[in-house]
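Written below as structure tokens is the structure these notes are about.
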Amino acid sequence: MARDRGHAFDNAAARREVLKVIAAIPPGCVASYGQVAFEAGFPGRARWVGRLLSEGLAQHKGWHRVLRNDGMLGLPKVSPAHVEQRSMLVAEGHVFRNDRVDIAARRWRPRSDAPLVD
DNA sequence: GACATGACATAAC
DNA sequence: CGTTATGCCATGT
């Protein structure tokens, strides 16, 4: 074995965990990149989560519920994906105030009870 | 290994 | 709210 440091995160299992967490975010709630990374078991890998979403698997269920910890969306406002994400969030009942959602009130609080079934 | 880049986070101004 | 600066981690050159 050795290298428990897990040197590489390109491993499919890690990506699957992240996608599982993202898919578990209930409609009407949101989670930050860092939160998703944390819940997936990779604290501190917020940037890595963002990278994953940029790699194309962003089409997975729930991708639009992931945004920055300050309530702003990750992509630039002019980005088509930004507009798309924003409209989907609005459709779920979120209110944008100066390009931010009230993440403090809408943040997803996972129950230790709900074991993230895949 | 050095450097640069990025859908991040936090603090300071 | 905005920008800058630091720290962070994975990738790619």
Kindly establish whether A:A58 is over 24 Å from A:R97 (Cα atoms), of a type in the set (A, V, I, L, M, F, W, C) and either modelled with pLDDT under 95 or more than 10 Å from DNA strand B (Cβ to nearest atom) (or both). yes
Mind checking which residues of the range A:59-72 are more than 12 Å from DNA strand C (Cβ to nearest atom) and either of a type outside the set (D, E, K, R) or farther than 14 Å from A:L19 by Cα (or both)? A:Q59, A:H60, A:G62, A:W63, A:H64, A:V66, A:L67
Can you pull out the residues in the range A:75-103 that are part of a helix (DSSP H, G or I) and among the hydroxyl-bearing types (S, T, Y)? A:S87
Residues being crowded, with 16+ Cβ neighbours inside 10 Å and either in contact with a strand residue (DSSP E or B) (Cβ under 8 Å, 6 or more places away or on another chain) or at positive phi (or both): count how many of those fall in the range A:32-67. 12
When you look at A:A105, is it surrounded by fewer than 19 Cβ atoms within 10 Å (Cβ to Cβ) and in contact with a His (Cβ under 8 Å, 6 or more places away or on another chain), yes or no? no
List pairs: first residue in the range A:36-49 and farther than 15 Å from A:R65 by Cβ, second residue of a type in the set (D, E, K, R) anywhere in the structure, Cβ distance under 8 angstrom, at least six positions apart or on different chains. A:G41/A:E17; A:F42/A:E17
Taking the range A:39-54 on its own, how many of its residues are assigned to a helix (DSSP H, G or I) and within 12 Å of DNA strand C (Cβ to nearest atom)? 8
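The values are calculated or read from the model by the stated rules, or taken from the named source; none is laboratory data. Note that the coordinates shown come from a computational prediction; the quantities given were computed from them, not determined experimentally. Here Cβ is always computed from backbone atoms with ideal geometry, including for glycine, and neighbour counts include all displayed protein chains.
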